[in-house]
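Sharing a structure, written as structure tokens. Questions coming.
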Amino acid sequence: MLNRKNLMILVGILAVLVVISLVQSRRHDAATSRPSAAVILDGALARADLSRVTVGHGSDAEVVVLDAGSEHWLVATVHGAKADHERIDTLLRSLSGLRGEFRSDSREVLADYGFSDTTTVSLRGYDSAGAEVFAVEVGSKPSSGQGNFVKRPESAEVYLTTVGLLANLGLWGGTGRPESRQFLDLQAFSAERSEIEMVELTSEGKTMALTKEYAMIEPAPDDTVNTDFYADPSSWEWRLDDGTMAVKTKADGVLGAVVNVRAQDVADPGADPAAYGLDSPARTLVLTRADGTTTSMVFGSQREADGSTPGGYYTRIGDDSTIWVVGTYNVDNMFKSREDLLPDSE
């Protein structure tokens, strides 16, 4: 049995250990505790307040460069082609008021969160005077859950944000080198179906024209505006240039392809047109509107896909100097043969 003296000694030792534990715990908390939802970037970000946005990867600070042009933002790292404003705005909305939960402040484990000379993705924005408006570094995705690890440049404090910043850069897998193509405006051409009166297609030296023929409406007895049959702009058939009627659904398919042309990529507009087969294009397309105005498209040689670089036909549209790379499937849907547009044979 313990006597009273020994019991008091044990109680004293226990009290000392409790005090030591409390002191150590407080020191640890003071060294590592952070607010549960720290603000990484404060305030709203908008294109109107910026003149440049850069995306870096590892030691390369400018893998993607977006510049505010006079009328439209441009992707400086892709021949100064037009940028997709919506994708820039989406990224800036994600960065606005960015918050995160504290995870670590040890430099020794930064690589565990995806921060290294070969993996870190950096995002920076500058105003018209060239002053830095925001800067943040993005690491990897957590093994489970959503979001990305982020930190401020030069800082070892890592936070987890629920916002998928890497997804906004096209890195849905959570790792990799950002590509400028993610921010390209690839809508090469668009028009309303109702605008187009004729589609003229030339391929392999042969030209075929499709012309709308509208349904005619008889005016009502009390119609004081229309005194004779008039065209219904919402209802038409298609006639080929030899007088043959095309199958409407098939010809409408061609119309749908030519009024909504999305490219896969762009090429250097300063290169020799012969390099793209555009000096003597194998295919041409002319759209004619009711007011007589036209839009021409010329299609050169075909570029094969290579890894992450998409393939397609080199294309120029109207007076625009942009060299588009339009997907093979899209182009084939435009250039149907005469036989393709006629009723199926029995």
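All of the numbers you see were taken from the coordinates with simple rules; none came from a lab. Every value quoted in this text rests on a predicted model; they were computed, and no experiment measured them. Don't worry about glycine lacking a Cβ; one is built from the backbone with ideal geometry, like all the others, and counts go over all protein chains shown.
For Kirkwood radius over Cα pairs in Å, the listed values are [x] 21.4; [y] 25.3; [z] 22.3; which was obtained by calculation from the structure presented?
[y]
Could you list which residues have their amide H under 5 Å from that of Ala282, counting only those 5 or more apart in sequence or on another chain, with H placed in the peptide plane?
It is Phe299, by chain and number.
Now for a separate question. Do the sum for the chain: with -39,500 (n - 2.57) for every DSSP H run of n ≥ 4, divided by all residues, what is the mean residue ellipticity at 222 nm, to the nearest 500 deg cm²/dmol?
-5500 deg cm²/dmol
Continuing with the same structure: Only Lys, Arg, Asp and Glu count, each charged at its Cβ (+1, +1, -1, -1), so figure out the dipole size of the chain about its Cα centre, rounded to 20 debye.
2840
Using +1 on the beta carbon of Lys and Arg, -1 on that of Asp and Glu, and nothing else charged, what's the dipole of segment 38-183 about the Cα centre, debye to 20?
320
What does the charge count near Val266 come to, summing +1 for each Lys or Arg and -1 for each Asp or Glu among other residues with Cβ under 13 Å from its Cβ?
Details: positive: Lys82, Arg181, Arg262, Arg303, Arg316; negative: Asp84, Glu179, Asp185, Asp265, Asp268, Asp320.
With Lys, Arg at +1 and Asp, Glu at -1, the neighbours total -1.
Test of the criteria: in segment 75-183, which GluC sites (Glu not before Pro) are in a DSSP loop and have at most 14 other Cβ atoms within 10 angstrom of their Cβ?
Loop-located and lightly packed - Glu154.
Restricting attention to segment 131-173, which chymotrypsin sites (Phe, Trp or Tyr not before Pro) occupy a DSSP loop and are surrounded by at most 14 other Cβ atoms within 10 Å?
Taking segment 131-173 and a limit of 14 other Cβ atoms within 10 Å, the loop chymotrypsin sites (Phe, Trp or Tyr not before Pro) found are Trp172.
Hey, another quick one. Remind me, relative contact order of the chain in percent, using alpha carbon pairs under 8 angstrom and six or more residues apart?
13
Further question: Run the reach check for Lys212 against lysines, Cα to Cα strictly under 20 Å, same-chain hits fewer than 8 apart removed. What comes back?
Answer for Lys212, where 20 Å is the Cα cut-off: Lys248, Lys250, Lys336, listed by chain and number.
Right, next: Relative to the present Cα-Cα distance, how much length would full extension add between Thr175 and Ser143 at 0.36 nm per residue of separation?
Extending this stretch completely gives an extra 10.3 nm.
Students often check this: by mean Cβ neighbours within 10 Å, which of 161-168, 116-123, 305-312, 246-253 ranks highest, and how do the rest follow?
161-168, 116-123, 246-253, 305-312
So which aspartates and glutamates pass the test for Lys206, namely a Cα distance under 20 Å, with those fewer than 8 places away in the same chain ruled out?
Correct list for Lys206: Asp241, Asp242, Asp279, Asp332, Glu339, Asp340.
Among Val286, Ala191, Leu166, which residue has its Cα furthest toward the positive end of the charge dipole of the chain, with +1 on Lys/Arg Cβ and -1 on Asp/Glu Cβ?
Leu166
Give the lysines whose C-alpha is closer than 18 Å to that of Lys151, dropping any in the same chain fewer than 8 places away, or say none.
Lys141
If you don't mind, there's one more thing I want to ask. Can you work out ³J(HN,Hα) from phi for every residue in segment 150-163, in order, using Karplus 6.51 cos²θ - 1.76 cosθ + 1.60 and θ = phi - 60°, giving whole Hz and x for Gly and Pro?
Residue by residue, segment 150-163 yields 9, 7, 7, x, 6, 9, 9, 6, 9, 10, 10, 9, 7, 7 Hz.
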